Amino acid sequence: MKTRAMSVLLTLVLCLGTAVPAQAAAPEADQQQAYQAILAMKEQYPEGTPWTNDNHYAWNAGIYSGGYGCVAFAFLLSDAAFGDLPARMLTEFSFSDVSVGDILRINDDTHSVVVLEVHDDHVVIAEGNYNRSVHWGRTLTAQQVLAADNLITRYPESGTQTPDVPSPEVPAHPFQDVPSWCSDAVSWAVSEAITTGTSSTTFSPDRVCANADILTFLWRSVGSPDPAALSPLPLSGDEWYANAVHWAYGSGIIGPDFDPNAPCTRIRAITFLWQALDNGYYTGSAFSDVTAASAGMDGLSAVAWAVQNGVTSGTSDTTFSPDKVCSRGEIVTFLHRACVPSASLKEAA
């Protein structure tokens, strides 16, 4: 594994300050401590905090004096995790070398991100100047990580690093058809009796999720409360989703025109979650396909809430795809992120 203290001249996009001498080696920092220190910064710099190339931060790590934009935010989180520990740069590394708190330089040497979680085949990152703001929870595959231009670490070269940051303890699911991106959410949903598999070995994560499905999942996630009022919908009472629909109607989440069998769209799913779990007023959505005319003020607020709290993000920098139909895997992932604070740092689906 080849290491060196500085890379060749970086591009102007990096916007780094003048280099300063490297410091002596220091005792190894622990990955769990680094994770907690970086996560604590989310309160000060929550999802959507404005962050552009005008933002500067003076770094403590010894390779560079500081940086602007995405670099500044990476250095800020790095110092929060490691204090005055010195840094070293790796231009060649393996995926097993990557640890919590490391800085990756990606996108053809134009963007810096901080590793927040390390998993078997991907990492979860935090970053600044992502669409001119702070963003928590995007993921990079192992292949994308290895395509990075360099990695800056503040773990000593001779240190023994700790294992991956543990996720909350939940029983592993038994299903054979669940991809890694929703595996934690499926395990959580099954362990909390929010849903089950479609068979003993399958979850069917790609199956279309109906409105009745998400309302029932949501109702179970908040403790299956008794309905405050019966809905006027033509229900016999024997439907598996009847209590959830009555509860949602009595809670003001749905109206009398609700169709339980219609496929659930992204905007409807997020609005259901926002209404049940928060229902505060949020601003900041900048998606061209989510407007007051198309989504109403509730839809605008729900989307802004979802993005700011890491429940989901846009399908591109400028679009949310509100009418895209959700799958079972997507719905339990949204719900997991909304109900479990640490899960909001997973990749937005």
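Annotations for the structure displayed:
- The Cα-based radius of gyration and maximum Cα-Cα distance (Dmax) for the range 203-258 are 11.3, 33 Å.
- Dipole moment magnitude, nearest 20 debye, the chain about Cα centre, only Lys, Arg, Asp, Glu C-beta charged: 380 debye
- Dmax and Rg, reported as Rg then Dmax, of the range 182-223 (C-alpha, Å): 10.1, 27
- Sequence ranges 195-203, 45-53, ranked by mean other-Cβ count within 10 angstrom, highest first: 45-53, 195-203
- The string of couplings for the range 227-233 from the Karplus curve (6.51, -1.76, 1.60, θ = phi - 60°) is x, 7, 7, 7, 6, x, 5 Hz, one whole number per residue in order, with x for Gly and Pro.
- Cα point-scatterer Debye curve for the chain, base-10 log of I(q)/I(0) at q = 0.11 Å⁻¹: -0.77
- Percent accessible area from carbon and sulfur atoms, the chain, protein chains only, probe 1.4 Å: 51 percent
- Among R268, R337, R220: highest mean-square fluctuation, GNM of the chain, C-alpha pairs under 10 Å: R220
- Volume per residue of the C-alpha convex hull in the range 238-349, rounded to whole Å³: 109 Å³
- Seen through its C-alpha gyration tensor, with square-root eigenvalues sorted a ≥ b ≥ c, the range 87-130 comes out oblate because a/c lies at 1.5 or above while a/b is not bigger than b/c.
- Just checking the listed ones, G101, G314, G69: in the Gaussian network model of the chain with Cα springs under 10 Å, the one fluctuating most is G314.
- Most tightly packed first, judged by the mean number of other beta-carbon atoms within 10 Å of their residues, the peptides 77-83, 112-118, 122-128 read 112-118, 122-128, 77-83.
- In the chain, helical runs assigned H by DSSP with n ≥ 4 each contribute -39500 (n - 2.57); averaged across all residues and rounded to the nearest 500, the mean residue ellipticity at 222 nm is -9000 deg cm²/dmol.
- Percent of Cα pairs in the range 154-297 per distance bin of 10 Å, from zero to the largest separation: 9, 31, 30, 19, 7, 3, 1.
- Per residue, the solvent-accessible area of the chain (1.4 Å probe, heavy atoms of protein chains only, all protein chains present) comes to 45 Å².
The values are calculated or read from the model by the stated rules, or taken from the named source; none is laboratory data. Keep in mind that what you see is a predicted model, and the values were worked out from it rather than measured. A quick note on method: Cβ atoms are made from the backbone with ideal geometry, for glycine too, and the neighbour counts reach across all protein chains shown. These area figures cover heavy atoms from the full protein model, side chains too; ligands, DNA and RNA do not enter into them. Shrake-Rupley method; radii C 1.70, N 1.55, O 1.52, S 1.80 Å.
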